[in-house]
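Working notes, beginning with the structure itself.
We did not get these values from a lab; they are worked out from the coordinates using the rules stated. In this text the structure is predicted, and so the values were computed from the model without any measurement. In this analysis, Cβ positions are derived from the backbone assuming ideal geometry, glycine residues included, and neighbour counts consider all displayed protein chains.
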Amino acid sequence: MKQIAVVGAGLMGHALALVFALGGHRVRLTDSNQATLDGSMALIEKAAATLIAAGEADPSWTPERLAGVISRHEKLADTVHDADLVIEAVAEIAEVKETLFRQLDELAPAEAVFASNTSNLDVFPLIPKHRWKRALIAHWYTPPYLVDLVDLVPTPETDPAVTAEVKAMLEAMGKVPVVFRKFVTGYVANRIQEAIALETFRLMDEGVVTAEEIDLSVIHGLALRMPILGVMGKADFTGLELIRQNMANATYRPPAVTGRSATLDQVVDAGHGGVRAGKGFYDWSDRTPGELFQDRDNRLLALKKALRHIKPMVPK
Ligand SMILES: NC(=O)c1ccc[n+]([C@@H]2O[C@H](COP(=O)([O-])OP(=O)(O)OC[C@H]3O[C@@H](n4cnc5c(N)ncnc54)[C@H](O)[C@@H]3O)[C@@H](O)[C@H]2O)c1
């Protein structure tokens, strides 16, 4: 059992505290916003209850047991002073992370491993260089208690034994870490997701299909094979010569990708930011965001269970 410090108790941080607690570790959690820290335990308990109800966590994970392994602290020093692993899950702002890493350098043990959950920042220059040997990116997906992928990106100087230790620790928790050879913004999954976003918004901007029709195409076409074959396994089934021809014939490639979509601007500018705003491309106002996130979790759990039974064909 390791002593984990999670810094930032927002959307990711509170869920990561739960993941590490369920994984058999002790967790200290902090946030610079008192209200967020105060509210975090209720969110942790709710997510744990969802997992228990689905049979994915042991019923012994009562609020009392969770409180026994997850402690909350107002002060950073109290959170990290005995940490083996410090998870950085604060706001995605370079200056905020840089200041925090300077503080962590002073307050955390010399042997502590620093793991940043940054989504897109080139975070290594923000970490004091003498900590690089025991630092890396560990990038999770939301909700991390359901999505198993973790992108692990060592700094140019990370001790391979540290990367191996973190990887083994995550695997022991049932997670699927992928170790990168070098840092790229967006990692793999988010880059693919971004490529999909660029193409889908272009199709809508050009008036080809609606948001609902995009989802029909994805849910009933693209996505069906993905949990079984991934993308590269699917290419093998299609036949790689055809894949090569299709790529060469893809004349619909945008001549210049602007990264802007008039369709998206229109929806966002109208205040329809998605589930948390009650409306995005779909109207979600019939239920609270909390109810909708729980419903999503329950459906993801059902899918995970079915896939565990069906099993992917790749990787071999
Ligand atoms: N939301 C996602 O889907 C997702 C997925 C993967 C990675 N990430 C990354 O994880 C990190 C956190 O994202 P989030 O979605 O949880 O954001 P969030 O805004 O929900 O939470 C961030 C929390 O950090 C706290 N904070 C800010 N500065 C702090 C400091 N110096 N010390 C302690 N706490 C501080 C804030 O009060 C806030 O509660 C970001 O780097 C983000 O890019 C987010």
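Based on Cα atoms of region 68-147, Rg over Rh with Rh as the Kirkwood radius reads 0.95. DSSP assigns beta bridges within region 18-163; of those with both partners inside it, close to 30 percent run antiparallel. A Förster radius of 51 Å, combined with the Cβ-Cβ distance separating residue 159 from residue 38, puts the computed FRET efficiency at roughly 0.85.
For the peptides 286-296, 38-48, the ranking by packing is 38-48, 286-296, with the highest mean count of neighbouring Cβ atoms within 10 Å listed first. Along each principal axis, taking the top coordinate minus the bottom one, the Cα set of region 137-251 gives 50, 33, 26 Å in descending order.
Under the combined filter of DSSP loop state and at most 12 neighbouring Cβ atoms within 10 Å, region 152-241 retains these GluC sites (Glu not before Pro): 206. Here region 137-205 and region 67-125 have alpha carbon centers that stand 19 Å from each other. The 3J(HN,Hα) values that the Karplus relation (6.51, -1.76, 1.60; θ = phi - 60°) gives for region 177-189 are, in residue order, x, 10, 8, 8, 6, 7, 6, 9, 5, x, 6, 9, 4 Hz. Gly and Pro appear as x.
Output the antiparallel fraction of DSSP beta bridges having both residues in the chain, as a percent to the nearest 5. Bridges in the chain are about 20 percent antiparallel.
In this label model, residue 287 and residue 219 are separated by 1.3 nm, measuring between points 7 Å along each Cα→Cβ vector. Couplings 3J(HN,Hα) of region 213-223, computed from phi: 5, 4, 5, 4, 5, 6, 5, 9, x, 4, 6 Hz, in residue order, whole Hz [Karplus 6.51 cos²θ - 1.76 cosθ + 1.60, θ = phi - 60°; x for Gly and Pro].
Per residue, the convex hull spanned by the Cα atoms of the chain amounts to 166 cubic angstrom.
The residue 181 and residue 310 beta-carbon pair, evaluated with R₀ = 30 Å, returns a calculated FRET efficiency of approximately 0.45. Above 21 angstrom, tally the Cα pairs of region 3-179 and express them as a % of all pairs, no decimals. Beyond 21 Å sits 43 percent of the P(r) for region 3-179. Here the Kirkwood formula, the inverse mean of 1/r across different C-alpha pairs, assigns region 190-310 a hydrodynamic radius of 17.1 Å. In order along region 98-114, the Karplus-derived 3J(HN,Hα) couplings, from 6.51 cos²θ - 1.76 cosθ + 1.60 at θ = phi - 60°, round to 4, 4, 4, 5, 5, 5, 4, 4, 6, 9, 8, x, 4, 8, 5, 8, 9 Hz, and Gly and Pro are given as x. Multiplying the residue separation of residue 262 and residue 77 by 0.36 nm and subtracting their alpha-carbon distance yields 61.9 nm.
In this structure the amide hydrogen of residue 29, modeled in the peptide plane, comes within under 5 Å of the amide hydrogens of 6, 71, 72, 73, none closer than 5 places in sequence on its chain.
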